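Asker: Please read through the structure below; I'll follow up with questions.
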Amino acid sequence: MSEKFPSQMQDKFTVRFPDGMRDVIAEMAKNDGRSINSEIIALLELAIRVCRDFGPDDGPVVQQFRERLSALDKKSDDIEKTVTLSHKEMEKMLDRFSDNLLGMINEKYELIPKNKKPT
């Protein structure tokens, strides 16, 4: 009687793939340096871990996602405040520049008549 290999002792399950899925998995397996069977097992393990982690709304992945989203919201608010402040500062600087430029033009070309002293 011939001895069975450990892989021959494992559970087997026949899977019917939708059109094109086997090719996608075969390409993934090739890129990862695995057999198609090993790639399917790796994908199933990953899917099981993700499903377990996501679980309820207070699962670790959902919580981490919420924390990252909250951090991004804060960064976005900070950037908006900075842009708003910069915009206000630019307006003030432009007003000062315009006033100074008008003053310099007026001095040089006397566009606005100076008050003459009565004689």
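Asker: Local charge sum around Met21 (other residues, Cβ-Cβ under 14 Å, Lys/Arg +1, Asp/Glu -1)?
Answerer: Every neighbour counted, the sum reads -2.
Asker: Where in the chain is the longest stretch that carries no GluC sites (Glu not before Pro) classed as loop by DSSP and with at most 12 other Cβ atoms within 10 Å?
Answerer: Excluding the exposed sites themselves, the longest stretch runs over 4-109.
Asker: With only Lys, Arg, Asp and Glu charged, each at its Cβ (+1 for the first two, -1 for the last two), find how big the charge dipole of the chain is about the Cα centre; round to the nearest 20 debye.
Answerer: 560
Asker: Working out 0.36 nm times the residue gap between Asp78 and Lys108, then minus their Cα-Cα distance, what length gain in nm do you get to one decimal?
Answerer: The span from Asp78 to Lys108 would gain 6.3 nm if fully extended.
Asker: Using the heavy atoms of the protein chains and a 1.4 angstrom probe, tell me the accessible area per residue for the chain in square angstrom.
Answerer: Using a 1.4 Å probe on heavy atoms only, each residue of the chain averages 99 Å².
Asker: Here's another thing I want to ask about it. Keeping the other protein chains in place, figure out the carbon and sulfur percent of the accessible area of the chain, with a 1.4 Å probe.
Answerer: Solvent-exposed carbon and sulfur of the chain make up 58 percent of the total.
Asker: So if each residue of separation counts as 0.36 nm, and I subtract the Cα-Cα distance between Met9 and Val24, what length gain in nm does that give?
Answerer: 2.6 nm
Asker: Next up: Restricting to DSSP H runs of at least four residues, report the calculated mean residue ellipticity at 222 nm for the chain, -39500 (n - 2.57) per run over all residues, nearest 500 deg cm²/dmol.
Answerer: Helices in the chain give a 222 nm mean residue ellipticity of -25000 deg cm²/dmol.
Asker: Do any chymotrypsin sites (Phe, Trp or Tyr not before Pro) in the range 13-69 lie in a loop, going by DSSP, with at most 12 other beta-carbon atoms within 10 Å of their beta carbon, and if so which?
Answerer: For chymotrypsin sites (Phe, Trp or Tyr not before Pro) across the range 13-69 that sit outside H, G, I, E and B with at most 12 neighbouring Cβ atoms in 10 Å, the list reads Phe13.
The values are calculated or read from the model by the stated rules, or taken from the named source; none is laboratory data. Please read all numbers here as calculations on a predicted model, not as lab measurements. Every residue, glycine among them, receives a Cβ derived from its backbone with ideal geometry; neighbour counts consider all protein chains shown. When the accessible area is computed, the model is the full protein with side chains, heavy atoms only, and any ligands, DNA or RNA have been set aside. Shrake-Rupley method; radii C 1.70, N 1.55, O 1.52, S 1.80 Å.
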